[in-house]
1. Please find, among 6, 65, 72, the residue that is within 30 Å of residue 196 (Cα to Cα) and not polar (S, T, N, Q).
2. Which residues, taken from the range 171-227, are of a type in the set (Ser, Thr, Tyr) and under 23 Å from residue 129 (Cβ atoms)?
3. Select, from 117, 88, 143, the only residue that is charged (D, E, K, R) and within 16 Å of the chain's Cα centre (by Cα).
4. So, of the residues in the range 46-59 that are part of a helix (DSSP H, G or I) and modelled with pLDDT under 85, which turns out to be surrounded by the most Cβ atoms within 10 Å (Cβ to Cβ)?
5. Looking only at the range 92-100, decide whether some residue is over 21 Å from residue 155 (Cβ atoms), surrounded by 23 or more Cβ atoms within 10 Å (Cβ to Cβ), under 21 Å from the mean Cα position of the chain (by Cα) and not aromatic (Phe, Trp, Tyr).
6. With respect to residue 85, is the statement that it is in contact with a Phe, Trp or Tyr (Cβ under 9 Å, 6 or more places away or on another chain) and either surrounded by fewer than 22 Cβ atoms within 10 Å (Cβ to Cβ) or of a type in the set (Phe, Trp, Tyr) (or both) true?
7. If a residue has to be polar (S, T, N, Q), over 24 Å from residue 141 (Cβ atoms) and touching a residue at least 24 places away in the same chain (Cβ under 8 Å) to count, how many in the range 73-127 make the cut?
Amino acid sequence: MRATIFQASGRYDEALAIRQYLTQTRPDIRSLGAEASVRAERGEIDEAERLFVKAQQQYRDVSPFPVVWLYFQQGLMWMWEGNLERARVAFEAACARLPGYAAAQGHLAMVEAALARRERAMAVFHRWMQAGDLEQARNEALRLHEFTATAPDRPFLALSHNVMAKVAIAAGKPQEARDHLSQAVSIVRNAKLPLAAWRVYTTAANFYERVGDTKKAAKCRCRSDQIVRSLANSLEIGAPLRSVPFFARTGVGGHINL
């Protein structure tokens with residue numbers, strides 16, 4: 001009870017000390033999940049995720065309530081962190097275990113609505129760019145950026161800056177492109193957002209090649225290729241995904257490049 005009060009009042013150090021003691025003396029789904037929730041609120045996302053997963057793996061009971069609470073807390077963490085895709089996975093898991101859980105259903109609906117708006121805007125943007133209509137493409141890019149600014153989702157926020165940079169590049173506005181790319185890189189640089197990072201670094205490489213900065217272009221191209229290799233290395237040798245063109249671009253389709 002004291003840990004709950006401390007956590008609710010923002011006294012996270014005191015709450016964590018109690019949660020850690022309980023985890024060490026009685027490591028079960030409740031103690032591990034409670035410590036994970038404190039760490040999530042402290043911004044210790046990697047450790048919180050590790051504890052959430054460990055708690056899920058240790059659960060052996062038939063009652064859905066503890067594990068549903070766990071998935072819900074995990075979904076909240078990713079929603080606060082701005083990763084709506086991972087939040088959706090967690091909320092879906094909670095709803096699958098307990099379809100009548102209104103809180104999980106409500107949050108899942110919010111996340112799906114936000115993702116749908118962003119995905120539609122991204123698709124429309126690409127259509128206008130392919131058609132060569134920069135004005136319409138810019139309007140759609142601005143709409144996408146507005147969506148991500150009101151309900152921050154870090155992958156899409158990075159991608160919104162990326163598409164704004166693409167419009168600026170096509171319109172011959174190098175400083176505007178540079179500013180948006182700088183914002184995008186600052187989001188993906190130390191975050192685990194591989195697909196968004198790959199797109200951002202690829203655009204940055206193309207931009208710097210265009211303006212004649214071959215050193216920066218090569219650095220960004222190298223970072224883009226590293227991301228593709230990292231994704232490929234996470235797959236088993238011979239996995240069907242290794243044959244897709246995305247991995248072929250850096251020669252990792254059938255083997256691991258170290």
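1. 72
2. 182, 201, 202, 203, 208, 224
3. Working: 117 fails: within 16 Å of the chain's Cα centre (by Cα); 143 fails: within 16 Å of the chain's Cα centre (by Cα).
Within the list 117, 88, 143, the selection yields 88.
4. Of everything passing the filter in the range 46-59, 56 is surrounded by the most Cβ atoms within 10 Å (Cβ to Cβ).
5. Taking the range 92-100 and keeping what is over 21 Å from residue 155 (Cβ atoms), we get 94-100.
With the extra rule that they be surrounded by 23 or more Cβ atoms within 10 Å (Cβ to Cβ), the set shrinks to 94.
In the following step, the residues that additionally are under 21 Å from the mean Cα position of the chain (by Cα) were identified as 94.
Within this subset, residues satisfying the condition of being not aromatic (Phe, Trp, Tyr) are 94.
Yes, because at least one residue in the range 92-100 is over 21 Å from residue 155 (Cβ atoms), surrounded by 23 or more Cβ atoms within 10 Å (Cβ to Cβ), under 21 Å from the mean Cα position of the chain (by Cα) and not aromatic (Phe, Trp, Tyr).
6. On the way: in contact with a Phe, Trp or Tyr (Cβ under 9 Å, 6 or more places away or on another chain): yes; either surrounded by fewer than 22 Cβ atoms within 10 Å (Cβ to Cβ) or of a type in the set (Phe, Trp, Tyr) (or both): yes.
Answer is yes for this residue.
7. Looking only at the range 73-127, we keep the residues that are polar (S, T, N, Q), and these are 73-74, 83, 105.
Keeping just the survivors that are over 24 Å from residue 141 (Cβ atoms) gives 73-74, 105.
Pick out the ones that are also touching a residue at least 24 places away in the same chain (Cβ under 8 Å) and you get 73-74.
So the count comes out to 2.
Conditions (1) assigned by TED's automatic domain parsing to the domain that holds residue 158; (2) within 24 Å of residue 115 (Cα to Cα); (3) hydrophobic (A, V, I, L, M, F, W, C); (4) in contact with a Pro (Cβ under 8 Å, 6 or more places away or on another chain), marked per residue:
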{"residue": "21", "(1), (2), (3), (4)": "no, no, no, no"}
{"residue": "27", "(1), (2), (3), (4)": "no, no, no, no"}
{"residue": "33", "(1), (2), (3), (4)": "no, no, no, yes"}
{"residue": "44", "(1), (2), (3), (4)": "no, no, no, no"}
{"residue": "51", "(1), (2), (3), (4)": "no, no, yes, no"}
{"residue": "66", "(1), (2), (3), (4)": "no, no, no, no"}
{"residue": "72", "(1), (2), (3), (4)": "no, yes, yes, no"}
{"residue": "85", "(1), (2), (3), (4)": "no, yes, no, yes"}
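The values are calculated or read from the model by the stated rules, or taken from the named source; none is laboratory data. Just so you know, these numbers come straight off a predicted model, no measurement behind them. Glycine gets a Cβ as well: all are built from the backbone with ideal geometry, and neighbour counts include every protein chain shown.
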